[in-house]
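Enquirer: For reference, the structure I am asking about is given below.
Every number in this text was worked out from the coordinates using simple rules, so none of it is lab data. As the structure is a computational prediction, the values presented were derived from the model and not from experiment. When we count neighbours, we look across all protein chains shown, and the Cβ atoms used for this are built from the backbone with ideal geometry, even at glycine.
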Amino acid sequence: MSITITDDCINCGACEPECPNHAIYEGGKKWKISDGTSLCHDTLSHNPIKKDTYFIVSEKCTECVGFHEEPQCVLICPMNCCIKDDQNIETKENLLKKKLFLHDAKK
Ligand code: SF4
Ligand code: SF4
């Protein structure tokens, strides 16, 4: 499953640089699959998921599988507002496949 950010976010920005998938964006920012991945051809800009707080793109979040033992945003967030997203439940196997899709694409 992916992680999501609740409305308790205080916009400190600590989580964003910790994400190995560039799945975290500041509120109001457009996001792309190509940001921080090897899918450099997929440069379509998507509208922000949230305007006022940081948000996580579930299509890019692997719960840090393939990089770290624990979700890095969950560890660093001072508000404990990075939580499991019950709307996006995925197995570890699928998260690993997502990681490979995002980062090991043939160019
Ligand atoms: S769990 Fe990992 S991959 Fe997902 S948003 Fe947080 S830091 Fe990024
Ligand atoms: S670390 Fe937590 S409080 Fe800070 S921007 Fe990220 S989600 Fe928001």
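Enquirer: Rounded to whole Å and sorted largest first, what semi-axes of the equivalent ellipsoid does the C-alpha gyration tensor of the stretch 31-81 yield via the square root of 5 times each eigenvalue?
Expert: Each semi-axis is the square root of five times an eigenvalue, giving 22, 17, 7 Å.
Enquirer: When only C-alpha pairs under 8 Å and at least 6 residues apart count, what is the relative contact order of the chain, in percent?
Expert: About 38 percent, as a whole number.
Enquirer: Excluding same-chain residues fewer than 8 positions from LYS98, which aspartates and glutamates have a Cα within less than 17 Å of its Cα?
Expert: By straight Cα distance, LYS98 reaches ASP35, ASP42, GLU59, GLU63, GLU69, GLU70, ASP85, GLU90.
Enquirer: If you don't mind, there's one more thing I want to ask. What nm distance separates the two modelled labels at ASP52 and MET79, each placed 7 Å from Cα along Cα→Cβ?
Expert: 1.0 nm
Enquirer: Out of every Cα-Cα pair in the chain, what percent are more than 23 Å apart?
Expert: When every Cα pair of the chain is considered, 21 percent fall beyond 23 Å.
Enquirer: Continuing with the same structure: Test of the criteria: in the stretch 28-107, which GluC sites (Glu not before Pro) are in a DSSP loop and have at most 12 other Cβ atoms within 10 angstrom of their Cβ?
Expert: Answer in residue order: GLU69.
Enquirer: Oh, and also: Please compute, over every Cα-Cα pair in the stretch 52-100, the percentage with a separation greater than 17 angstrom.
Expert: Tail of the P(r) past 17 Å holds 35 percent of the pairs.
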